[in-house]
1. At Glu260 and Glu213, where each label point lies 7 Å from the Cα along Cα→Cβ, what is the point-to-point distance in nanometres?
2. Considering only Ile67, Ile100, Ile220, give the residue with the highest GNM mean-square fluctuation for the chain, with springs between Cα atoms whenever their separation is below 10 Å.
3. Note down the magnitude of the dipole of the stretch 176-224 about its Cα centre, charges +1 on Lys and Arg C-beta and -1 on Asp and Glu C-beta and zero elsewhere, to the nearest 20 debye.
4. Counting Lys +1, Arg +1, Asp -1, Glu -1, what net charge surrounds Trp187 among other residues with beta carbon under 11 Å of its beta carbon?
5. Compute log10 of I(q)/I(0) for the stretch 86-159 with the Debye formula, placing one identical point scatterer on every Cα and leaving out solvent, at q = 0.14, 0.28 Å⁻¹, to two decimals.
6. Calculate one ³J(HN,Hα) per residue across the stretch 255-262 by plugging θ = phi - 60° into the Karplus curve 6.51 cos²θ - 1.76 cosθ + 1.60, and present them in order as whole Hz with x for glycine and proline.
7. Given an 8 Å cut-off on Cα distances and at least 6 residues of separation, report the relative contact order of the chain as a percent.
8. Dipole of the chain (Lys/Arg Cβ +1, Asp/Glu Cβ -1, origin at the Cα centre): which of Trp98, Gly135, Gln86 lies farthest to the positive side?
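The values are calculated or read from the model by the stated rules, or taken from the named source; none is laboratory data. Since the model is a prediction, treat every value here as computed from it, not as a measurement. With ideal geometry, Cβ positions are generated from the backbone for all residues, glycine too; neighbour counts draw on all protein chains shown. Just so you know, the surface numbers come from the protein's heavy atoms only, side chains and all, with ligands and any DNA or RNA stripped out. Shrake-Rupley method; radii C 1.70, N 1.55, O 1.52, S 1.80 Å.
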Amino acid sequence: MVASFKILASSSSGNAGLLRTGETTVLLDAGLSARKLTGLLAEEEVDLGELDAIFLTHEHADHTVGIRGLSKRADLPVFANRDTAQAVQASLSRRPNWQIFETGRAFSFRNLRVHPFSVPHDAYDPVGFFIEWGGEDLFNPRGSLAWVTDLGHAPVLVREKISKASILVIEANHCPDMLERDTKRPWSLKQRIRGRHGHLSNGATLELLRSVENPNWKEIYLVHLSKDCNDVNLVRDSFTGFSGNGGTLATYVVDPTTAEAIPA
Ligand SMILES: [Zn+2]
Ligand SMILES: [Zn+2]
């Protein structure tokens with residue numbers, strides 16, 4: 001089977017991606033209740049029992065809240081670094097089947113090669129994932145994906161990691177003007193979101209993508225849109241005309257309410 005990738009949910013109220021490659025099915029983050037995730041997986045014809053692992057980027061609830069229920073499947077490996085696992089475990093009574101990785105050190109899981117790398121965000125030890133699979137095989141072609149959902153800015157290491165991915169998932173979190181005008185968030189939270197360890201604005205994401213030299217991208221998914229402080233059409237407008245390396249590139253904006261991937 002050729003790889004398939006689907007974003008099940010992505011917004012400040014829940015993030016999860018489903019990656020199926022060859023014989024391996026994994027979740028990237030689990031930021032919805034287990035009940036909701038199970039329903040979304042069923043829509044993709046994936047039974048919870050078929051899930052091979054979960055990879056967690058950081059402990060924030062919009063990436064981990066499903067672990068409580070999913071850990072009922074005691075054998076299901078949950079990959080995280082030590083600080084993230086500890087922070088998530090603190091709110092659980094059961095102990096998931098933790099598989100601890102080290103940030104910056106690649107590891108293999110079945111047919112996947114997983115590279116967790118550090119990202120600047122206000123969590124204990126947040127990471128992005130660069131994941132590779134396949135090879136010179138007609139029935140198992142080479143592919144790769146970068147999952148980088150929460151970051152305040154993009155250091156050189158992040159640019160390097162994302163440049164290699166054929167599928168790039170990256171946040172376009174907010175419109176600075178909408179965030180400024182927002183009346184629900186206190187000033188301190190706005191400062192956190194805007195900060196160097198907060199979230200990328202639409203403009204910051206566009207600038208980041210433009211600055212990457214010779215990217216390998218075939219598909220880009222713009223995710224983690226704020227429901228109050230961003231707008232799908234605004235993001236689409238911002239990215240109209242962005243062509244990456246000039247080759248064939250499909251750019252999608254993921255609707256924060258429906259998770260539908262809408263062409264930019
Ligand atoms: Zn976060
Ligand atoms: Zn988040």
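1. Those two pseudo-labels are separated by 4.1 nm.
2. Answer for the Gaussian network model of the chain: Ile100.
3. 300
4. Details: positive: Arg185, Lys190, Arg192, Arg194; negative: Glu180, Asp182.
Local charge sum for Trp187: +2.
5. Scattering profile of the stretch 86-159, log10 relative to I(0): -0.58, -1.27.
6. For the stretch 255-262, the Karplus-derived couplings read 4, x, 8, 9, 6, 5, 8, 9 Hz, x marking Gly and Pro.
7. Values: 599 pairs, mean separation 38.7, N = 264.
For the chain, the relative contact order is 15 percent.
8. Farthest towards the positive end: Gln86.
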